[in-house]
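Taking it in order: structure first as structure tokens, then the write-up.
The values are calculated or read from the model by the stated rules, or taken from the named source; none is laboratory data. As the structure is a computational prediction, the values presented were derived from the model and not from experiment. All Cβ positions, even for glycine, are placed from backbone atoms using ideal geometry, and neighbour counts span all protein chains on display.
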Amino acid sequence: MKRRHLLAAAALTPLARGSNAQTYPTKSIRFVVPFAPGGTSEIVARSVAQELTSQLGQTVYVENKAGGAGTIAMTDVAKSAPDGYTLILSHVGTLAVNPYAMTRQPYDVTKDFVPVGLLARVPNIFVCHADFPAGNFKEFVELAKKNPGKYNYGSAGNGSAGHLAFEYLKLVTGTYIVHIPYRGTGPQLQDLLAGRTELSSAGAPALLPHIKSGKLRALAVGTPQRIPALPDVPTVSEMGHKDFETSQWYGVHVPAGTPRDIVARLNSEINKALRSSHVTQRFAADNASAGIGTPEDYAAFIAREQKRWKSVVERAKIVIDS
């Protein structure tokens, strides 16, 4: 009798919790972004949050929580109630770099979070200030090799996609350029545009307006193919570094223990948002591709990215202190 009672309780618990999905959501949803305002992460998050707010009838509000290479926000969300009312914008840095570049993290990215869905893949662009004495990628590499340690590149912070991309570029080109980490893409762009740093890599949405205005010069893109917005800018792979590929990607995770049917509901609503004209037009303008798929698709994608970037972290000896 006792064993049957325990089995019945175990079976009913997920059902009772899962039934919340029929009325979910009944209040506002917090969408945590682990970076400062002004970068690609915020553009992606706010575009999707706006559409989810319309679809769900409850406010989905973005909360920027920068610092610690994303660990501050991730720790916050890991400790939040697993009820579907706290989401985090997951990212190549927090999921595929930090686990291998940090000696300690206060959570396990696989055990303490559940993937909901991939939102977007955004091309990385390598840029320099307009006054930088190199007109193209080849000249940049030659100049950097002749002057190791003379030039600086800024990133959104340790473990950010831009940090990872530029360290990967340094590895394949055999150059030494000093890394200057900032607390977000916005702050690092301020110094780049002012000429206090010379180089950077970031997502297309944050950089394209400044490239088009002539304040920055695009040297190369990290995607396997050229991007529509910059058809004359070569890929790094084209420039003699076969199979080089780096892009920023963003998704949604929730705390472990979130009922599966709430995860499924969120995934369905996110896929619907990604198909909306508001989001597709915004993503197209930024040369981003939507990541429509299931939670299982996203989990498999993360596993592939972790394998690839673990190798880069080890070869480039990237160490991140939170």
Flag for Glu296 being touching a helix residue (DSSP H, G or I) at 6+ places or on another chain (Cβ under 8 Å), surrounded by fewer than 22 Cβ atoms within 10 Å (Cβ to Cβ) and among the acidic types (Asp, Glu): no
In the set Ala101, Ala78, the lone residue that is surrounded by fewer than 24 Cβ atoms within 10 Å (Cβ to Cβ) and hydrophobic (A, V, I, L, M, F, W, C) is Ala78
Members of the stretch 101-148 found to be in contact with a helix residue (DSSP H, G or I) (Cβ under 8 Å, 6 or more places away or on another chain) and over 22 Å from Glu167 (Cα atoms), listed by number: Pro106, Tyr107, Val109, Asp112, Phe113, Val114, Pro115, Val116, Gly117, Leu118, Leu119, Ala120
Can you name the residue in the stretch 220-275 that is of a type in the set (D, E, K, R) and in contact (Cβ under 8 Å) with a residue 60 or more places away in the chain and is also nearest to Ala96 (Cα to Cα) among such residues? Arg260
Counted residues, the stretch 263-290 - those being modelled with pLDDT under 90 and part of a loop (DSSP other than H, G, I, E, B): 3
Go through the residues of the stretch 191-208 one by one and say whether even a single one is closer than 30 Å to Thr280 by Cβ, over 22 Å from the mean Cα position of the chain (by Cα) and not in a strand (DSSP E or B). yes
If I ask for residues that are over 30 Å from His210 (Cα atoms), of a type in the set (A, V, I, L, M, F, W, C), part of a helix (DSSP H, G or I) and at pLDDT 80 or above, which ones from the stretch 1-56 would you list? Leu56
Please work out if Gln188 is touching a residue at least 24 places away in the same chain (Cβ under 8 Å), over 18 Å from Cys128 (Cα atoms) and under 17 Å from the mean Cα position of the chain (by Cα). no
Those residues of the stretch 172-190 which are part of a helix (DSSP H, G or I) and surrounded by fewer than 24 Cβ atoms within 10 Å (Cβ to Cβ) amount to Val172, Thr173, Gly186, Pro187, Gln190
Residue under question is Lys145, and the condition is that it be exposed (fewer than 14 other Cβ atoms within 10 Å of the Cβ), part of a helix (DSSP H, G or I) and of a type in the set (Lys, Arg); does it hold? yes
Against the definition (aliphatic (A, V, I, L, M), out of contact with any Gly (no Cβ under 7 Å at 6 or more places or on another chain) and surrounded by fewer than 17 Cβ atoms within 10 Å (Cβ to Cβ)), how does Ala273 come out, yes or no? no
Residues that are at pLDDT below 95 and touching a Lys or Arg at 6+ places or on another chain (Cβ under 6 Å), drawn from the stretch 229-262: Ser247, Trp249
Against the definition (part of a helix (DSSP H, G or I), surrounded by 16 or more Cβ atoms within 10 Å (Cβ to Cβ), among the hydrophobic types (A, V, I, L, M, F, W, C) and out of contact with any Gly (no Cβ under 8 Å at 6 or more places or on another chain)), how does Ile211 come out, yes or no? yes
Within the set of pairs 6 or more residues apart or between chains, which connect a residue that is not assigned by TED's automatic domain parsing to the domain that holds Gly67 inside the stretch 151-164 to a residue that is surrounded by fewer than 24 Cβ atoms within 10 Å (Cβ to Cβ) and of a type in the set (Lys, Arg) with Cβ atoms less than 9 Å apart? Asn152/Arg196; Tyr153/Lys170; Gly154/Arg196; Ala156/Arg183; Gly157/Arg183
Give the residues of the stretch 109-142 that are in a strand (DSSP E or B), at pLDDT 95 or above, in contact with a Ser or Thr (Cβ under 6 Å, 6 or more places away or on another chain) and not aromatic (Phe, Trp, Tyr), sorted by residue number. Val114, Val127
Name the single residue, out of those in the stretch 214-228 being at pLDDT below 95 and more than 17 Å from Ser160 (Cβ to Cβ), that is surrounded by the most Cβ atoms within 10 Å (Cβ to Cβ). Thr223
Flagged in the stretch 203-248 as of a type in the set (Asp, Glu) and under 20 Å from Ala134 (Cβ atoms), in numbering order, are Asp232, Glu238
Top-ranked residue in the stretch 105-121 [being touching a residue at least 60 places away in the same chain (Cβ under 8 Å) and among the charged types (D, E, K, R); ranked as surrounded by the fewest Cβ atoms within 10 Å (Cβ to Cβ)]: Lys111
